[in-house]
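Take a look at the following structure, please.
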Amino acid sequence: MKMVLLTALGVGGATFIGAIFGFIFKKISHKFSDIVLSFAAGVMLAAAVLGLIIPSLDYGGKYAILITVAGIFAGAVVLNLIDKIVPHMHKLAGVDNEDHKENDKLSKVLLFVTAIAIHNLPEGIAAGVSFGTGDNSQALLIAGGIALQNIPEGMVIIGPMLAAGISQKKTFVYALITGLIEVVGTLIGYFAVNIASAILPFALAFAGGTMLYVISDEMIPETHAHGSQRGATYALLAGFALMLVSDYLL
């Protein structure tokens, strides 16, 4: 339990660390952000497959393939429903456009932060569920991949909020809240599979599906939208390869 709690704090704290960098470097180039985010996407992609989906097949028993496929699509559908409630992160990336009125800009920025916060919940759940397998090294790799993705995410939410006129204090609080939501998600995922271990195969696949959805629907389009898609592609492959090597060695 202590390791789970420390991991939860680490995953949520990564957003906080990214926010600090966001305060220091208020204007981060799209190219740098895309490369880092793509690398994180590669790490998350490998973590989703190696740490969640394959274990789901291993623990699923007679109907493993059906449970795993159902879980993957269930995770994707849930996030799709969330996306219908809050705007896509990549559609709000241009909130600092001077053609918008100030109040409209502020509204869009807050929706942007809300979208990130809501997407952080299933990521946290994925980290928590992974501990249900008992393979702590694999769980830590998954949590590490999610945490790595949270650093650039924390960085990119600072600039738009400051540009919209939100005070530094409130900006800091909003960034902290997005990280805390991930801590809550991690604990929910951990306790859910420990209370009802029978749901573990489905929960693993569900968590994997949510991660695949975020990677495909949010991260890859965002990293390919600013002209640095070649570097972003290689960064994703590097992240995937790193996780593959880590999994092999461990």
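Checking Leu66 against (1) open to solvent by 40 Å² or more (accessible area, probe 1.4 Å); (2) more than 23 Å from Ile220 (Cβ to Cβ); (3) in contact with a helix residue (DSSP H, G or I) (Cβ under 9 Å, 6 or more places away or on another chain), only one condition comes out false. Which one?
Looking at each condition in turn, Leu66 falls short on (3).
In segment 56-80, what residues are small (Gly, Ala, Ser) and assigned to a helix (DSSP H, G or I)?
Passing the criteria: Ser56, Gly61, Ala64, Ala70, Gly71, Ala74, Gly75, Ala76.
Grab the helices (runs of 4 or more DSSP H) fully contained in segment 123-226, keeping just those with 3 or more residues being modelled with pLDDT of 80 or more.
It comes to 168-195, 200-214, 220-223.
Out of segment 12-42, which residues are under 13 Å from Glu222 (Cα atoms) and surrounded by fewer than 18 Cβ atoms within 10 Å (Cβ to Cβ)?
His30, Lys31, Phe32
Please specify each residue of segment 175-197 satisfying the condition of being within 17 Å of the chain's Cα centre (by Cα) and more than 15 Å from Gly124 (Cα to Cα).
Across segment 175-197, the qualifying residue is only Ala175.
Within segment 12-42, which residues are assigned to a helix (DSSP H, G or I) and either basic (Lys, Arg) or in contact with a Lys or Arg (Cβ under 8 Å, 6 or more places away or on another chain) (or both)?
Within segment 12-42, just Lys31 meets the criteria.
Across segment 217-230, what is the number of residues that are surrounded by 15 or more Cβ atoms within 10 Å (Cβ to Cβ) and either within 17 Å of Ser29 (Cβ to Cβ) or more than 19 Å from the chain's Cα centre (by Cα) (or both)?
Going through segment 217-230 one residue at a time, the tally reaches 5.
So which of Leu45, Leu9 is open to solvent by 30 Å² or more (accessible area, probe 1.4 Å), in a helix (DSSP H, G or I) and closer than 17 Å to Gly124 by Cβ?
Criteria check complete, one pass: Leu9.
The values are calculated or read from the model by the stated rules, or taken from the named source; none is laboratory data. For clarity, every value in this text was computed on a predicted model and none was experimentally measured. A quick note on method: Cβ atoms are made from the backbone with ideal geometry, for glycine too, and the neighbour counts reach across all protein chains shown. For accessibility, only protein heavy atoms count, side chains too; no ligands or nucleic acids. Shrake-Rupley method; radii C 1.70, N 1.55, O 1.52, S 1.80 Å.
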